[in-house]
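The values are calculated or read from the model by the stated rules, or taken from the named source; none is laboratory data. Since the structure is predicted, the reported quantities are computational estimates derived from the model, not experimental observations. Virtual Cβ from ideal backbone geometry, glycine too; neighbours counted across all protein chains shown.
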Amino acid sequence: MSSGIRKDGEERRPVTLTRLAEMHEAGEPIAMITAYDFPSAEVIEEAGADIVLVGDSAANCVLGYDSTVPVGMDEMTMLAKAVRRGLKTPFLVGDLPFGSYEGSNELAIASAQRLVKEAGCDAVKLEGGGTSVERARAIIDAGIPVMGHVGLTPQTATALGGMKAQGRTAQQAIRVAEDAVALDQAGCFAIVIEAVPEAVAEMIVAKLDAPTIGIGAGNATAGQVLVLHDLVGINHGHVAKFVKRYSDVRSEMLRGVEAYIDEVRSRSFPAPEHVYAVDPSELEPLRQRLNREDLEHHSYFESNSGWDWEPLS
Ligand code: KIV
């Protein structure tokens, strides 16, 4: 894989597991962002992120589902392939969607292999403790690095009482900590901690060897992750407490699309600079041809069958 060039001209080498471990060791923060398409991946490449996650948050962000539960392997694989084409440098993690790993170790390995073989992901992520720890171990044994995910796990949010912070009671905090320790011992190369009080995350982080990536877990984690659509402001409506908006892309998109529609309606678009020219000498034969009486005239609206036009002879 070739190296990537950042906006500031700095050349970066591809981020590997070794590089992530070195960053963790040196206390260098790890910047992780989600992506679901080629142009976003190119922007993230240029901006210089360390890890890109093709998150199952694609379900809400780009596919219009109302939770992450319905998204499937075909959709995740297609999105991950597009992201792969836009990246050279960041470490690429593909999210295993709900239902693609829980059933058995064989299912988990087959799904993980798909994201690696077909989409070119470097690693996969799965959610939760319990049986997910066994699935993580099986995938790692099959040669694919795994990122764990504890705290608020959106795929099983119903069982957690909804999309809300976890670990605010001692009992919940112990469960989150036990899940994280088990995933660490299973060999996960990193663990996402989502929507957990900072003080709880800090205590868990201190017990783990693997770097932790926080989302709504405060500043003690080795790195941070945000959903791209939240951070650049493509989503509208409610966003979680832990989201910071760094730009307002939706307003800018809306401004552009409204301006286009206005200009089409006022015929000020296309302007002369958007129009192809033709040598006037080429127009005379066309004019003569179009004036011939034998020219058949078919209109889509006049025809019953729609598209059965006779070609011009
Ligand atoms: O799907 C996703 O985007 C995630 C991140 C929030 C970690 O799991």
(request) Output the number of residues of segment 65-96 satisfying the condition of being touching a Lys or Arg at 6+ places or on another chain (Cβ under 8 Å), away from the ligand (no atom under 14 Å from the Cβ) and among the acidic types (Asp, Glu). (result) 0
(message) Checking Gly99 against (1) of a type outside the set (Phe, Trp, Tyr); (2) away from the ligand (no atom under 14 Å from the Cβ); (3) more than 20 Å from Ile144 (Cβ to Cβ); (4) assigned to a loop (DSSP other than H, G, I, E, B), only one condition comes out false. Which one?
(response) (3)
(message) List the residue pairs whose Cβ atoms are under 6 Å apart, where the first residue sits in segment 169-182 and is at negative phi, the second is part of a helix (DSSP H, G or I) and modelled with pLDDT of 95 or more, and the two are 6 or more positions apart or on different chains.
(response) Ala173/Val200; Ala177/Ile204; Ala180/Ile204; Ala182/Val133
(request) Would you kindly identify the helices (runs of 4 or more DSSP H) lying entirely within segment 190-297 that contain at least 1 residues that are under 20 Å from the mean Cα position of the chain (by Cα)? (result) 228-232, 249-265
(request) Output yes when any residue across segment 29-39 is at pLDDT 95 or above and assigned to a helix (DSSP H, G or I), and no when none is. (result) yes
(message) Checking the condition closer than 20 Å to Ser247 by Cα and more than 10 Å from the ligand (Cβ to nearest atom), which residue from Ser40, Ser57 passes?
(response) Ser40
(request) Give Val83, Val43, Val71 a once-over and let me know the one that is of a type outside the set (Gly, Ala, Ser) and within 11 Å of the chain's Cα centre (by Cα). (result) Val83
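Would you tally the residues in segment 169-188 being outside any helix (DSSP H, G or I) and closer than 15 Å to Ser132 by Cβ?
Going through segment 169-188, the residues outside any helix (DSSP H, G or I) turn out to be 169, 187-188.
This time we only want the ones that are closer than 15 Å to Ser132 by Cβ, so: 187-188.
Adding up the residues that qualify gives 2.
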(message) Among the residues of segment 87-102, are any surrounded by fewer than 20 Cβ atoms within 10 Å (Cβ to Cβ), more than 16 Å from Val124 (Cβ to Cβ) and among the small types (Gly, Ala, Ser)?
(response) no
(message) Consider segment 183-203. How many of its residues are in contact with a helix residue (DSSP H, G or I) (Cβ under 8 Å, 6 or more places away or on another chain), in contact (Cβ under 8 Å) with a residue 40 or more places away in the chain and of a type in the set (Val, Ile, Thr)?
(response) 3
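Kindly establish whether Gly120 is surrounded by fewer than 24 Cβ atoms within 10 Å (Cβ to Cβ), under 20 Å from the mean Cα position of the chain (by Cα) and under 16 Å from Glu178 (Cβ atoms).
Numbers: surrounded by fewer than 24 Cβ atoms within 10 Å (Cβ to Cβ): yes; under 20 Å from the mean Cα position of the chain (by Cα): yes; under 16 Å from Glu178 (Cβ atoms): no.
Answer is no for this residue.
Looking only at segment 143-163, which residues are assigned to a loop (DSSP other than H, G, I, E, B), in contact (Cβ under 8 Å) with a residue 24 or more places away in the chain and not aliphatic (A, V, I, L, M)?
Step one: list which residues in segment 143-163 are assigned to a loop (DSSP other than H, G, I, E, B), which gives 143-145, 152-153, 157-163.
Narrowing the set further to residues that are in contact (Cβ under 8 Å) with a residue 24 or more places away in the chain leaves 144-145, 152-153, 157, 163.
Those that are assigned to a loop (DSSP other than H, G, I, E, B), in contact (Cβ under 8 Å) with a residue 24 or more places away in the chain and not aliphatic (A, V, I, L, M): Pro145, Thr153.
Could you tell me whether Asp308 is at pLDDT below 95 and either surrounded by 10 or more Cβ atoms within 10 Å (Cβ to Cβ) or among the charged types (D, E, K, R) (or both)? It would help to see each step written out before you state the result.
On the way: at pLDDT below 95: yes; either surrounded by 10 or more Cβ atoms within 10 Å (Cβ to Cβ) or among the charged types (D, E, K, R) (or both): yes.
For Asp308, the condition - at pLDDT below 95 and either surrounded by 10 or more Cβ atoms within 10 Å (Cβ to Cβ) or among the charged types (D, E, K, R) (or both) - is met.
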(message) assigned by TED's automatic domain parsing to the domain that holds Ala240, of a type in the set (S, T, N, Q), within 16 Å of the ligand (Cβ to nearest atom) and more than 14 Å from the chain's Cα centre (by Cα): is that true of Ser104 in this structure?
(response) no
(request) Considering every residue within segment 170-180, establish whether at least one is polar (S, T, N, Q), within 22 Å of Leu231 (Cα to Cα) and either within 12 Å of the ligand (Cβ to nearest atom) or surrounded by fewer than 20 Cβ atoms within 10 Å (Cβ to Cβ) (or both). (result) no
(request) Inspect all residues belonging to segment 68-81 and state whether any of them is in contact with a Leu (Cβ under 7 Å, 6 or more places away or on another chain), closer than 21 Å to Val15 by Cα and either assigned to a loop (DSSP other than H, G, I, E, B) or assigned by TED's automatic domain parsing to the domain that holds Leu228 (or both). (result) yes
(request) Go through segment 123-140 and give me each residue that's within 16 Å of the ligand (Cβ to nearest atom) and over 25 Å from Ala159 (Cα atoms). (result) Ala123
